[in-house]
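Just below is one structure, and these are the notes that go with it.
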There are 2 protein chains.
Amino acid sequence: MKKSFIDVKTDSHFPIQNLPYGVFSTKGNPTPRIGVAIGEYVLDLSVLEKEGFFQQIIGEHGPVFNRTSLNDFMGLGKDIWSAVRKQVQLLLSADEPTLRDHTALRHESLVLQNEVELHLPMKIGDYTDFYASKEHATNVGVMFRGKENALMPNWTHLPVGYHGRSSSVVVSGTNVRRPVGQTKPANADVPMFGPSKQLDFELEMGVVIGTGNKLGEPISIEQAEEAIFGLVLVNDWSARDIQAWEYQPLGPFLAKNFATSISPWVVPLEALEPFRVTGPVQDPQPLAYLRQPEANTFNIHLEAYLKGEKQHTPTRISSTNYRSLYWSAAQMVAHHTIGGCDLNPGDLLGTGTISGQEKEERGSLLEITWRGTEPVQLGKDEQREWIEDGDELTITGWCQGDGYRVGFGEVTGTIEPAHDVKQLLSEQKLVHK
Amino acid sequence: MKKSFIDVKTDSHFPIQNLPYGVFSTKGNPTPRIGVAIGEYVLDLSVLEKEGFFQQIIGEHGPVFNRTSLNDFMGLGKDIWSAVRKQVQLLLSADEPTLRDHTALRHESLVLQNEVELHLPMKIGDYTDFYASKEHATNVGVMFRGKENALMPNWTHLPVGYHGRSSSVVVSGTNVRRPVGQTKPANADVPMFGPSKQLDFELEMGVVIGTGNKLGEPISIEQAEEAIFGLVLVNDWSARDIQAWEYQPLGPFLAKNFATSISPWVVPLEALEPFRVTGPVQDPQPLAYLRQPEANTFNIHLEAYLKGEKQHTPTRISSTNYRSLYWSAAQMVAHHTIGGCDLNPGDLLGTGTISGQEKEERGSLLEITWRGTEPVQLGKDEQREWIEDGDELTITGWCQGDGYRVGFGEVTGTIEPAHDVKQLLSEQKLVHK
């Protein structure tokens with residue numbers, strides 16, 4: 001098994017088999033730049049690039065690692081991603097002396113993760129959210145339309161998706177303010193205005209596009225995985241009461257666009273290869289442009305934790321798996337572009353909430369508490385129907401190898417109280433950007 | 001009445017009262033830069049800025065006009081937009097000699113519009129589309145859900161909107177390829193795959209955001225117009241057969257994201273002031289965060305023309321007005337941000353199809369032909385239920401002043417035939433961007 005000269009614990013998310021990319025800065029150098037996570041360290045790729053270690057791979061396309069986002073690097077395509085990954089893996093290997101025995105370079109290029117600030121890893125041009133879990137779509141359908149009409153007729157024929165808001169995608173650790181808005185309780189005649197009372201999370205993963213297509217030129221299902229740079233964890237915060245009132249007929253809008261949190265490390269698709277598995281049987285067989293051979297997905301264990309403000313330990317409230325998704329990432333890419341829509345480096349495709357068949361595999365409070373009717377226990381003393389102010393929601397996930405983990409770190413966020421509604425609209429809020 | 005030393009015809013869209021901003025390039029200088037339209041000319045603001053004419057206004061924030069998009073200029077805020085507009089108006093005035101009598105500077109800064117290429121005027125971070133015309137929403141509702149349930153219960157309480165796709169917004173003149181995709185005719189058991197057979201346009205206007213807000217900090221209804229830089233014409237191309245099959249429950253996706261065309265000139269809100277009028281009475285009165293005094297909209301006459309490939313003259317198929325929209329641009333901004341969603345310079349808010357009460361005021365073929373059942377006559381020999389290959393669709397619009405027009409130019413696009421479905425998926429389509 002590959003080993004690094006850097007000590008990596010067996011339950012670390014970031015062994016030499018992973019090497020996810022992120023954007024970081026330090027107190028000493030506040031300019032964001034690109035690094036990879038290794039054990040408890042970040043390897044600063046901008047330093048290695050400056051020293052010429054990627055010259056033969058990237059050549060005139062560089063420099064790409066002294067940038068504030070991964071977009072330029074991602075735009076270079078799969079062959080270059082792969083060659084860079086090989087080179088970083090070599091430089092970090094236990095038996096490769098170049099970096100291992102070069103004290104000055106090691107000091108300059110390796111920074112402890114707890115001493116860095118992590119930023120949004122890519123500039124997201126467009127964010128799309130799918131609805132790819134059959135169990136999630138069924139649960140929601142049963143709650144809102146009853147058992148008979150739970151799944152819409154189109155659901156098994158295409159990966160249902162919609163456009164999300166890219167400007168409000170934030171990196172893990174960013175506090176999220178409880179949104180205010182219009183809601184209309186079932187027994188009310190007119191809508192009300194105030195803070196959302198049904199704040200929820202959605203456990204998702206995000207597909208990060210690396211190589212795009214020209215407008216009008218679809219990406220085939222065979223090429224689709226080549227367009228994908230890697231995956232991140234996503235928490236698609238949702239205000240269920242706002243959603244219920246606003247979403248017909250054009251879909252969710254303010255219920256979703258106040259914030260979407262993602263994990264800071266993008267795990268390259270190549271690192272997931274050892275964990276390739278076959279997804280659920282698709283019946284009916286999809287149309288040709290969506291048809292895929294087996295082994296079209298990955299075995300990624302996923303968990304969500306909730307912690308009240310006064311609590312010391314978070315409670316695990318969900319335990320599910322990426323492999324249970326009915327529609328694969330490649331199918332999302334092929335469907336998204338079939339009509340000609342162009343994808344670009346840095347675009348984010350959310351999978352939608354990932355729920356499994358078991359109760360503990362549900363990926364949102366909407367499902368876990370069955371729309372607030374079955375509160376979930378937090379520790380000994382507290383219960384939750386929905387997320388409360390001060391609550392911290394964390395999603396984590398990893399692929400379990402033999403003696404190592406290829407992990408995604410975590411995406412976490414804490415809820416701040418809503419604005420005081422009276423004060424809310426009296427202040428000047430325009431800012432020059 | 002203000003006059004320019006440049007000759008401007010009375011039916012020109014671009015008198016000194018307008019001065020819309022755009023991004024252009026020339027054969028001699030292919031680098032895109034910012035100009036304003038005046039009569040048949042473009043005034044190159046990057047030349048004037050280099051010569052110091054905006055030094056006292058923009059100062060250290062500049063240069064902003066030698067850019068490939070308006071975003072940096074728009075981010076400077078309303079006071080600077082206004083001062084720049086005054087300065088340009090002064091320089092173009094008939095009785096101001098600075099530019100008028102400076103032959104070399106005039107030659108360097110004034111270019112004929114028919115000698116320039118126009119580009120997308122702004123970099124669009126996010127595109128949102130509203131559904132703000134009551135007549136349009138009612139027409140669509142009657143067709144799809146019947147008269148009794150035409151308007152959803154939320155419609156009169158909030159401006160219904162959804163997120164669109166920003167990457168596929170293209171500038172007027174860009175050809176649009178007919179999309180292929182899944183459709184399911186009412187009498188079919190399973191969906192089919194092929195070119196859309198119900199290709200449509202939507203006559204809309206677009207609100208271009210100039211000054212944004214911080215995530216979590218809403219823009220009040222009182223401030224909302226200050227956030228708006230100006231307006232453009234929008235054609236939100238739509239594939240109705242794809243839409244009908246895919247849109248439940250999360251809204252339109254591939255039916256809309258293959259292309260949205262906008263006009264190249266952004267008319268500043270200030271140029272529309274003389275045409276301010278009061279919109280439709282809102283009953284029920286909206287919640288406080290959406291409540292506005294009178295004179296919250298503008299009198300903008302709008303027309304759509306369709307021309308078959310073999311035809312010489314386009315046929316006017318719609319004649320409507322921006323003022324008929326139920327929800328105002330300011331209400332869209334206030335609603336969009338009330339939950340905390342951030343807007344940024346360059347964001348585009350489409351109004352949704354603008355239909356009026358009369359039959360000739362319908363802004364889409366869906367409504368004009370009543371879902372294909374009442375074909376529209378084109379010239380003497382042709383009819384249309386939907387848009388055919390080779391058809392050219394043009395939207396234009398203007399405010400009629402006393403002896404002058406403040407116009408939007410036009411947004412036009414021609415439909416290219418769909419890809420051959422068999423060949424479609426066999427070619428390598430990934431591109432490095």
Of the residues that make up the stretch A:277-285, is at least one in contact with a Gly (Cβ under 8 Å, 6 or more places away or on another chain) and closer than 29 Å to A:Glu410 by Cβ?
-> no
Residue ID - nearest to the other protein chains (Cβ to nearest Cβ), chosen from residues in the stretch B:337-360 that are surrounded by 21 or more Cβ atoms within 10 Å (Cβ to Cβ) and among the acidic types (Asp, Glu) | B:Asp342
From the option list B:Val333, B:Val411, B:Val376, single residue qualifying as in contact with a helix residue (DSSP H, G or I) (Cβ under 6 Å, 6 or more places away or on another chain) and away from chain A (no Cβ under 14 Å) is B:Val376
Just give me the residues in the stretch B:258-294 being under 23 Å from the mean Cα position of the chain (by Cα) and of a type in the set (Val, Ile, Thr), in sequence order.
-> B:Thr260, B:Ile262, B:Val266, B:Val267, B:Val277, B:Thr278
The lone condition A:Gln428 fails out of (1) outside the structural domain of A:Glu273 (by TED's automatic domain parsing); (2) of a type in the set (S, T, N, Q); (3) modelled with pLDDT of 95 or more is (3)
Among residues of the stretch A:239-284 being of a type in the set (D, E, K, R) and assigned to a helix (DSSP H, G or I), the residue nearest to the other protein chains (Cβ to nearest Cβ) is A:Glu246
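With A:Gln87, A:Gln113, A:Gln55 as the choices, which residue is surrounded by fewer than 16 Cβ atoms within 10 Å (Cβ to Cβ) and either away from every other protein chain (no Cβ under 14 Å) or over 27 Å from A:Lys256 (Cα atoms) (or both)? Give the steps one after another, and end with the answer.
On the way: A:Gln87 fails: surrounded by fewer than 16 Cβ atoms within 10 Å (Cβ to Cβ); A:Gln113 fails: surrounded by fewer than 16 Cβ atoms within 10 Å (Cβ to Cβ).
Answer to the check: A:Gln55.
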Set A:Glu382, A:Glu392: member being at pLDDT 95 or above, surrounded by fewer than 21 Cβ atoms within 10 Å (Cβ to Cβ) and over 20 Å from the mean Cα position of the chain (by Cα) | A:Glu382
Checking A:Ser196 against (1) at pLDDT below 95; (2) touching a helix residue (DSSP H, G or I) at 6+ places or on another chain (Cβ under 6 Å); (3) of a type in the set (Gly, Ala, Ser), which test does it fail?
-> (1)
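Being modelled with pLDDT of 95 or more, farther than 27 Å from A:Gln292 by Cα and surrounded by fewer than 16 Cβ atoms within 10 Å (Cβ to Cβ) narrows it down to one of A:Thr369, A:Thr373, so name that one.
Working: A:Thr369 fails: surrounded by fewer than 16 Cβ atoms within 10 Å (Cβ to Cβ).
Of A:Thr369, A:Thr373, the one residue that is modelled with pLDDT of 95 or more, farther than 27 Å from A:Gln292 by Cα and surrounded by fewer than 16 Cβ atoms within 10 Å (Cβ to Cβ) is A:Thr373.
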If you take the residues in the stretch B:285-296 that are within 14 Å of another protein chain (Cβ to nearest Cβ) and not in a helix (DSSP H, G or I), which one is farthest from B:Glu222 (Cα to Cα)?
-> B:Gln285
Sole miss for B:Gly403 among (1) part of a loop (DSSP other than H, G, I, E, B); (2) at positive phi; (3) within 19 Å of the chain's Cα centre (by Cα) is condition (3)
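What number of residues in the stretch A:33-74 are of a type in the set (S, T, N, Q) and touching a Gly at 6+ places or on another chain (Cβ under 9 Å)? Steps first, please.
To start, the set of residues in the stretch A:33-74 that are of a type in the set (S, T, N, Q) comprises A:46, A:55-56, A:66, A:68-69, A:71.
Within this subset, residues satisfying the condition of being touching a Gly at 6+ places or on another chain (Cβ under 9 Å) are A:46, A:55, A:69, A:71.
Final tally of qualifying residues: 4.
Restricting attention to the stretch B:183-210, and to residues there that are among the polar types (S, T, N, Q) and surrounded by fewer than 24 Cβ atoms within 10 Å (Cβ to Cβ), which single residue is farthest from B:Trp398 (Cα to Cα)?
Of all residues in the stretch B:183-210, those among the polar types (S, T, N, Q) come to B:183, B:187, B:196, B:198.
Imposing the further condition that a residue be surrounded by fewer than 24 Cβ atoms within 10 Å (Cβ to Cβ) reduces the set to B:183, B:187, B:198.
On the way: B:Thr183: 37, B:Asn187: 44, B:Gln198: 29 Å.
The selected residue is B:Asn187.
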The stretch B:144-166, residues that are touching an Asp or Glu at 6+ places or on another chain (Cβ under 8 Å) and either surrounded by fewer than 19 Cβ atoms within 10 Å (Cβ to Cβ) or more than 8 Å from chain A (Cβ to nearest Cβ) (or both) | B:Asn154, B:Thr156
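Can you say whether B:Glu246 is modelled with pLDDT under 95 and charged (D, E, K, R), as far as the supplied structure shows? Let's see the steps before the verdict.
Details: modelled with pLDDT under 95: no; charged (D, E, K, R): yes.
In short, no.
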Which one of these does B:Gly173 not meet: (1) in the same structural domain as B:Asn321 (by TED's automatic domain parsing); (2) in contact (Cβ under 8 Å) with a residue 12 or more places away in the chain; (3) on the phi < 0 side of the Ramachandran plot?
-> (3)
Name every residue in the stretch A:177-194 that is more than 8 Å from chain B (Cβ to nearest Cβ) and within 26 Å of A:His136 (Cα to Cα), in order of residue number.
-> A:Arg178, A:Thr183, A:Pro185, A:Ala186
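The values are calculated or read from the model by the stated rules, or taken from the named source; none is laboratory data. Since the structure is predicted, the reported quantities are computational estimates derived from the model, not experimental observations. All Cβ positions, even for glycine, are placed from backbone atoms using ideal geometry, and neighbour counts span all protein chains on display.
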